[in-house]
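For reference, the structure is listed below as structure tokens.
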Amino acid sequence: MAPVLDTVHYNARMSLIYDAWSSASDFEEYNSMSNLDALFLIAGDSSEDDAPRKTSAVQTWLLGYEFPSTFILMQKNRVTFLCSSNKAKILEPVKASDPRIPIEIITLPRAKDAAPGAIQEVMGKFVGLLASSQRIGTLPKEEHTGKTVADYKTALAAAGHTHETIDISVALGAVMAIKDDEELKIMRTTSNLCNTLVGSYILPKIELIIDKEKPTSHATLVNLIEHRLGDNERPADMKVWSKGRGLTDVDFSSVEFVYVPQVQSSASGYTLKLLNEPSPTNISFKGVLMTSVGLKYKGYCANISRTYIVDPTTLQEEVYALVVEIHKEVVQRLKEGAVAKDIYSHAVTIVKQKKPALEGHFVKSLGHAMGLEFKESAYVLSAKNSRVLRSNMVLNLSIGFQDVNDDKSGLFTIHIADTVKVGQERGVCLTDVAKESKDCLFFFQQDEPKPKPKAKAAPQPSPKKVPTKVVGGKVLRTATRSGGGAEVSQTTRTKIYPHQVELHAKRQSEGLARFESGGGGEADGRGKEWKRFISYKGEGALPSEVTEPKIYIDKKALTVVLPIHGFAVPFHINAIKNASKNDEAEYVYLRINFQTPGQLTGKKEDTPFEDPDATFIRSLTYRSLNRTRFDNLFAAIQQLKKDVNKREQQKKEMADVVEQDKLIEMRGRRPYKLGDVFPRPALDGKRLPGDVEIHQNGLRYQSMGNQRVDVLFSNIKHLFFQPCDNELVVIIHCHLKSPIMIGKKKTKDVQFYREATDMQFDETGNRKRKHRYGDEDEIEMEQAERKRRVALNKEFKAFAEKISDAATESNGEPLELDIPYSELAFEGVPFRTNVKLSPTMDCLVHLTDPPFTVVTLAEIEVASMERVQFGLKQFDLVFVFRDFTRVPLSINSIPSSQLNNVMEWLNDVDVPIAESQINLNWGPIMKTINEDPADFFAGGGWGFLPVPGATGSENGSSASEEESTYDQSSESSASSEDGSGSAFDGSDASDDDDEMSGADESGDDWEELEQKALKSDKKKADKGRNDSDSDAPKKKKSSKR
């Protein structure tokens, strides 16, 4: 069957070439096209050497297929194809599509059917088109063979025409480097193929080989990897590919390896050059093992390389961590407008700062552009390339150190490569799988040093007996005695301190960069602005009732018309501050106060005015004998003012609500559907289940009552799936970028859930009970419920993954499915109720019950841990966001037992942490910052907040808190000096904790406090044995006497 060409893609992409040609003098990457008369692409017969050719890449990019023995001549006024009659039929629809540049097709006759001299005549006609062209852009480095090429050379020599040829490979590569939506979709699929092959086959296979120490050669593993794609004898291994995402519709006949998969270990030696033949030696079971896989789908390439280390040495761990750090930094900088050499220089700077001795071993380039060609030499991330990256370019990001010498393991190489898309603000890693240290470093060796910690732990039994001693009938807590709580906390702070110092320094430098131009107050000029309120456009618009000299309230125009010297003067209700009414004798006075500058009280003290220096009327007072009328006027003014304020408040609340685009329903097939689910927020009316459907650009929920809720993929910020393990419901949750209206409710979170419990079965007994005894039926019901929960989780997770794939395809940007980590969950009070908060990859969430909590970690400026005091059972956590106009989120009453876990988690996700003994008043702090952020960061930024692990921070960090202008020193000092008003009185701390707090105030360190506490416990325990304080023993002793 003859291929069908996509005429739309051809016209769009050919236009890109001509646009680059016409603007060649303005852009450095297109300079080779400048002042050319024509562009000429020659394609000979198909070769068997599999050597990549740019001509084939350009043909595939333009037409979707390779056309051997075909010439393309682009001139200013037309495009000429020279090809066989069969190819001419395929190209005919493109010619008939009315392209921007007219097309002419010259057909070569078949050699066996052609008359003598016919081929030379046609070829001579084509060569004649070149006669008017003196400078022709072509690809001179490519060598082509075949009869068509030979006939062309003969005809060119016979015509005697000579011309200057210019290499335009760089310019064509630059044109093709920026990918359109269709290309990005294919490259995402290719990247998912790489992810699946590495994550679902190569990594488990390597783990199995190393774990069982099964002798396997490098060549054998390479052959096993190649067989996953199948060959002429066997199909593709769908057991592997079915584990990938979005691969159900992949045509595996169009998937091939770009190069022979690379597997290297210490037994084969290391090189970053691509080898055609794998080593026949066996894979080493210890040390560094490198793998690289490049795949091509529909002509588009993706690449991934990973390094695995078995029982790594200290140097190998440090080098691997440095490679991952550089990788993250570089991905952040791969954005629109970035210069290639600047990115490489930044990576080298990190190496000089962290490991200057390894600078000579660092790679000479960080990768290159990639697409239809595996390597596009025009965009190499090297120290000399000054070309600018553009959004939607796709790069092969390659970072590593080669031939590093380790005294313990010898020479080794560490290398990581990923397929990365250049974005507007940062790069997007398309092959982000199994890269962190926890995935790639394996510790199998059982060394002799491991028993050493046991030897240190041996003398600990004696302190462990202390908490079991009884004092006054109570068992002492290990958390506040010698159970090691303080030591663990101290260890955690010490461990995270260096990283926290780096994070705080990074925030400071980012803040200075954000506001380096100065100002930026009130959210970059978004503060209060002066507004003009117009009651009437002219005198003729005044109502007829104002002809009489009396006060008139026009509710429609939101205006109070006041008589002044016989004239009706209108005042908009927003110009009136308030009104008051007083009775004196037989008169009643109505006083109307206006908004004027210089008022030092009230919420509108900073209200701007058009001309603050003008003369203002502060108030007007009217007197009347008609008490009833003034009562009605006063009530009407108050009500109008109240209604306007309410309307403004509602308008302000609805300001960020977006009007979503229209949902495009799925055509041609039934949409994926998840049935019998309930939405949150709940819809109006009776609570009925409904179905969630996945359409082309969004989700649609439709209840049995025909109520609809549409959520577009473009408005989804985070997508969560929460299983029903230890929960009553299974949830798919969408956190939106902008709020939408559901009924009359404004919401930024839309959730679809189904209850995990089944109330339809009979618990009162049935026929089975007549033949069973004991708990068999209860056990069976428990097993059935477990199976039901597993099935629910599987169904909802599969549907959530389909949502993620559909959103990624629709938006052109990946929407990752996030699952809460229940093992890292902790309790807290973000609103009014104590809930369980669970971290995810990108957020901190509570999704079980409304109100929901979703905190995006990337939006956090700093996390302040407050009320962190020795003896308190709970502490608070305040998130300050990078958008300073947002109100900080306070999570209160987190158990102190979770302090170290929360601290380590925040440190792991690169959130700067501050620690304080008191609650800071964040309202005035944020107001001061918003007034002039540049001045705030110039004055030290967040330096007034103590970093955990810094000197004095564990013992109170009182010095830094006293220096801060934002703390509540008076309240804290008063409460600490007064024993009855101590912060410990409100807690469940014992009297021993008060003694500890007193020791803390005297300046003792943690070790001295522990020793004093231990002595105090021993004294009280001995006293409890010898002379108990209880009444009963005293009576017994007195009776014996």
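Would you call LYS212 more than 28 Å from ALA20 (Cβ to Cβ) and assigned by the TED database to the domain that holds LYS435?
Considered against the rule, which asks whether it is more than 28 Å from ALA20 (Cβ to Cβ) and assigned by the TED database to the domain that holds LYS435, LYS212 comes out as yes.
If I ask for residues that are part of a loop (DSSP other than H, G, I, E, B) and farther than 25 Å from PHE67 by Cα, which ones from region 141-164 would you list?
GLY160, HIS161, THR162, HIS163
Does ILE210 fit the bill of being within 30 Å of LEU184 (Cβ to Cβ), in contact (Cβ under 8 Å) with a residue 24 or more places away in the chain and aliphatic (A, V, I, L, M)?
no
Could you tell me whether any residue of region 502-524 is farther than 27 Å from GLN595 by Cα, modelled with pLDDT under 80 and open to solvent by 70 Å² or more (accessible area, probe 1.4 Å)?
Yes.
Looking at region 601-622 only, could you name the residues that are at pLDDT 70 or above and surrounded by 12 or more Cβ atoms within 10 Å (Cβ to Cβ)?
PHE616, ILE617, SER619, LEU620, TYR622
Only one of LEU208, LEU193 is assigned to a helix (DSSP H, G or I), open to solvent by less than 50 Å² (accessible area, probe 1.4 Å) and either in contact with a strand residue (DSSP E or B) (Cβ under 6 Å, 6 or more places away or on another chain) or not aromatic (Phe, Trp, Tyr) (or both); which?
Matching residue, one of LEU208, LEU193: LEU193.
Any residue that is among the hydrophobic types (A, V, I, L, M, F, W, C), open to solvent by 10 Å² or more (accessible area, probe 1.4 Å), on the phi < 0 side of the Ramachandran plot and without any contact (Cβ under 8 Å) to a residue 24 or more places away in the chain - is there at least one of those in region 43-62?
There is at least one residue in region 43-62 that is among the hydrophobic types (A, V, I, L, M, F, W, C), open to solvent by 10 Å² or more (accessible area, probe 1.4 Å), on the phi < 0 side of the Ramachandran plot and without any contact (Cβ under 8 Å) to a residue 24 or more places away in the chain.
Residues checked against (1) at negative phi; (2) open to solvent by 30 Å² or more (accessible area, probe 1.4 Å); (3) polar (S, T, N, Q):
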{"residue": "LEU847", "(1), (2), (3)": "yes, no, no"}
{"residue": "ALA858", "(1), (2), (3)": "yes, yes, no"}
{"residue": "LEU877", "(1), (2), (3)": "yes, no, no"}
{"residue": "SER890", "(1), (2), (3)": "yes, yes, yes"}
{"residue": "PRO895", "(1), (2), (3)": "yes, yes, no"}
{"residue": "MET903", "(1), (2), (3)": "yes, no, no"}
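Could you look through region 823-838, keep only residues that are part of a strand (DSSP E or B) and among the small types (Gly, Ala, Ser), and pick out the one that is nearest to HIS718 (Cα to Cα)?
My answer is SER838.
Which of the residues belonging to region 105-136 are open to solvent by 50 Å² or more (accessible area, probe 1.4 Å), closer than 21 Å to LYS76 by Cα and either at pLDDT 90 or above or not in a loop (DSSP other than H, G, I, E, B) (or both)?
The answer is LYS125, ARG135.
Determine, yes or no, whether VAL293 is over 30 Å from LEU315 (Cα atoms), touching a strand residue (DSSP E or B) at 6+ places or on another chain (Cβ under 9 Å), assigned by the TED database to the domain that holds SER217 and of a type in the set (Val, Ile, Thr).
no
Can you find, within region 412-441, the residue that is farthest from ASN396 (Cα to Cα) among those that are small (Gly, Ala, Ser) and open to solvent by less than 20 Å² (accessible area, probe 1.4 Å)?
Among those residues, the one meeting the criterion is ALA434.
Restricting attention to region 237-249, which residues are open to solvent by 20 Å² or more (accessible area, probe 1.4 Å) and either among the β-branched types (Val, Ile, Thr) or free of Cβ contacts under 8 Å to residues at least 40 places away in the same chain (or both)?
The answer is ASP237, MET238, LYS239, SER242, THR248, ASP249.
Scan region 685-742 for residues that are open to solvent by 60 Å² or more (accessible area, probe 1.4 Å), assigned to a strand (DSSP E or B) and among the charged types (D, E, K, R) and jot them down.
Across region 685-742, the qualifying residues are ARG708, LYS717, LYS737.
Can you tell me which residue in region 623-642 is nearest to LEU558 (Cα to Cα), limited to those that are part of a helix (DSSP H, G or I), open to solvent by 40 Å² or more (accessible area, probe 1.4 Å) and in contact (Cβ under 8 Å) with a residue 12 or more places away in the chain?
That would be GLN638.
Please list, ordered by residue number, the helices (runs of 4 or more DSSP H) wholly in region 839-944 having 2 or more residues that are of a type in the set (Val, Ile, Thr) and either modelled with pLDDT under 95 or closer than 30 Å to SER738 by Cβ (or both).
Counting at least 2 such residues, we get 922-931.
Checking the conditions here, which among GLU277, GLU317 is modelled with pLDDT of 90 or more and either open to solvent by 60 Å² or more (accessible area, probe 1.4 Å) or among the hydrophobic types (A, V, I, L, M, F, W, C) (or both)?
Criteria check complete, one pass: GLU317.
The values are calculated or read from the model by the stated rules, or taken from the named source; none is laboratory data. None of the values given here were measured: they were computed from a predicted structure. A quick note on method: Cβ atoms are made from the backbone with ideal geometry, for glycine too, and the neighbour counts reach across all protein chains shown. The protein model used for the area step is the full one, side chains on, heavy atoms only, and it has no ligands, DNA or RNA in it. Shrake-Rupley method; radii C 1.70, N 1.55, O 1.52, S 1.80 Å.
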